[in-house]
Amino acid sequence: MIGTFVQIAIGGAAGATSRYLVTLGVSTIMGNKFPYGTLFVNIIGSLLMGFIIALMIENLTLSDRYTPFVITGFLGSFTTFSAFSYDFWQLSSTGKIEHAILYALISFILAIGALYLGMFLARVWLH
């Protein structure tokens, strides 16, 4: 049990740090007028989640060994819909309701699509 907590803690620290660095990098490139960083992190995180889930479905021993670190720790702290919610609130509270709605729709559609794409890519890669 302690080993599981350690895996989650290390994975969580790595995921949160990665999220910060990716968001910072994307915001530096794309600017801060739209929450591109969070959008990018959620889409990439969903893609990785789908890919890893498909790998775990094909190889069940992988899930027992790496789930706490990768899924709960790293990806759980890398993708963050709490940041998404905050970005949505910021856009809507500053009168940019159209941007807030567009952001929500893009996030929802692309993140779920990326999850399925990740699963498809993993299956193609495995076979």
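We did not get these values from a lab; they are worked out from the coordinates using the rules stated. Bear in mind that the values here come from a model prediction, so they are computed numbers and not experimental data. Cβ atoms come from the backbone with ideal geometry, glycine included; neighbour counts cover every protein chain shown.
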Query raised in the report: Can you tell me the Rg and Dmax of region 2-126, counting just the alpha carbons, in angstroms?
Result: 15.8, 50
Query raised in the report: Using 7 Å Cα-to-Cβ label points, what is the Ala9/Met30 separation (nm, one decimal)?
Result: 3.4
Report summary line: Per the rule of 0.36 nm per residue minus the C-alpha distance, extending Ile101 to Glu58 adds in nm 11.8 nm
Report summary line: Whole-Hz Karplus couplings 3J(HN,Hα) for region 20-30, θ = phi - 60° and coefficients 6.51, -1.76, 1.60, Gly and Pro as x, run 4, 5, 5, 4, 4, x, 5, 5, 5, 6, 8
Requested in this report: Please identify, among Thr38, Thr67, Thr94, the residue showing maximal mean-square fluctuation in a Gaussian network model of the chain using a 10 angstrom Cα cutoff.
Outcome: Thr94
Query raised in the report: Which whole-number percentage describes the relative contact order of the chain, with Cα contacts under 8 Å and a sequence gap of 6 or more?
Result: 40
Query raised in the report: Roughly speaking, what is the stretch gain from Tyr86 to Leu21, that is 0.36 nm per residue apart minus the C-alpha to C-alpha distance, in nm to one decimal?
Result: 21.6 nm
Query - Loop trypsin sites (Lys or Arg not before Pro), region 33-127, which have at most 11 other Cβ atoms in a 10 Å radius of their Cβ (DSSP) - result: Lys33
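With n ≥ 4 as the cut-off for DSSP H runs, can you work out [θ] at 222 nm for the chain, using -39500 (n - 2.57) per run divided by the number of residues, rounded to the nearest 500?
On the way: 5 runs with 103 residues, N = 127.
Result for the chain: -28000 deg cm²/dmol, rounded to the nearest 500.
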